[in-house]
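What follows is calculated from the coordinates using simple rules that are stated; it is not laboratory data. A quick note: this is a predicted structure, and the numbers were derived from the prediction, not measured. FYI the Cβ positions are ideal-geometry reconstructions off the backbone, even for glycines, and counts take in every protein chain you see.
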Amino acid sequence: MLEAGISFKEMQKAVKFQTSKIKGCLITHEHNDHAKFTSQYLTHGIECFATSGTVEGISVVHHRLHEIEYKKDFKIGTWTIKAFKVNHDAKEPCGYLLKSAHGYKLLFVTDTYYCQYKFPGITHMMLEVNYIYEEMQQNVQNGLLHPGLARRIMKSHFSLEHAIGFLRANDTSQLKAVHLIHLSKNNSNATIIKEKIQEVAGVPVYVEG
């Protein structure tokens, strides 16, 4: 499972109460929309994994909360997982590369304005496209978005332009699908983003929110 930003009860409903199948929860950073309900998950027997900085930020001590390191492989079930550094306003945020024993290679990148790494052979991608620069600037000019918040967003989240650049820099020859995540409610346009990403990726693109 990726992130602990929704309540355990809400998550239970989403997985049709089959929580016994969940072998672990990967947390990228300590902000509430990603980690607020970590304690609930731990209490209900779900092993959680995060960097030491994120663990410190969550402020939870539990025997099921495991500290991981950048670029050091660890295993959950049939998955081999590697955390990597991203750029966000958090203590030690990360993205995840997950390799399945069955041949899948999933890349999970969210809450970053830049990713310095390239990933060969990715089959599936969960990629943040938080905003479109022009949309956000229009909201600033119209007084709908404070300039300070706009600057913070640009220093902590992927724009459409950055996402396109990231896709072009990576090997997409094995890519089968892209799932777009973390779209801003007011500073994005899901239709435009999906079309632009699909043009570059050349595979089915799904908007998850």
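Measuring nothing but alpha carbons in segment 104-209 and taking Rh as the Kirkwood radius, the Rg to Rh ratio lands at 0.99. Placing +1 on the Cβ of every Lys and Arg and -1 on the Cβ of every Asp and Glu, with no other charges, gives segment 104-209 a dipole of roughly 200 debye about its Cα centre. Karplus-based coupling profile of segment 72-88, in residue order and whole Hz: 10, 5, 9, 10, 10, x, 8, 9, 9, 10, 10, 8, 9, 5, 10, 10, 8, with θ = phi - 60° in 6.51 cos²θ - 1.76 cosθ + 1.60 and x standing for Gly or Pro. Entry note, the chain: the mean residue ellipticity at 222 nm calculated from DSSP H runs of n ≥ 4, each adding -39500 (n - 2.57), is -8000 deg cm²/dmol after division by the residues and rounding to the nearest 500. For segment 48-181, relative contact order (Cα pairs under 8 Å, six or more residues apart, normalised by length) works out to 21 percent. Considering only LEU183, SER100, VAL207, and ranking their Cα positions along the charge dipole of segment 70-209 that arises from unit charges at the beta-carbon of Lys, Arg, Asp and Glu, the one farthest toward the positive end is SER100.
What does the charge count around ILE76 come to, taking other residues whose C-beta lies under 9 Å from its C-beta (Lys +1, Arg +1, Asp -1, Glu -1)?
Details: positive: LYS23, LYS75; negative: GLU47.
The answer is +1.
Other residues with beta-carbon under 11 Å from the beta-carbon of VAL129 carry, at +1 per Lys or Arg and -1 per Asp or Glu, a net charge of -1. Quick check: net charge around HIS88, other residues with Cβ under 9 Å of its Cβ, Lys/Arg +1 and Asp/Glu -1? Once positives and negatives cancel, what remains is -1.
The mean sequence distance of close C-alpha pairs (under 8 Å, at least 6 residues apart), as a share of the length of segment 1-111, puts its relative contact order at 20 percent.
Here the dipole of the chain is about 520 debye; that uses its Cα centre as origin and unit charges on the Cβ of Lys and Arg (positive) and Asp and Glu (negative). Of the beta bridges in the chain, as assigned by DSSP with both residues counted there, near 40 percent are antiparallel. Backbone amide hydrogens, once placed in the peptide plane, bring ILE76 within less than 5 Å of ILE81, excluding anything fewer than 5 places away on its chain.
Which of THR112, SER159, ASN130 sits closest to the plus end of the dipole of segment 112-209, meaning its Cα is farthest towards the positive end, when Lys and Arg get +1 and Asp and Glu get -1 on the C-beta? Farthest towards the positive end: THR112.
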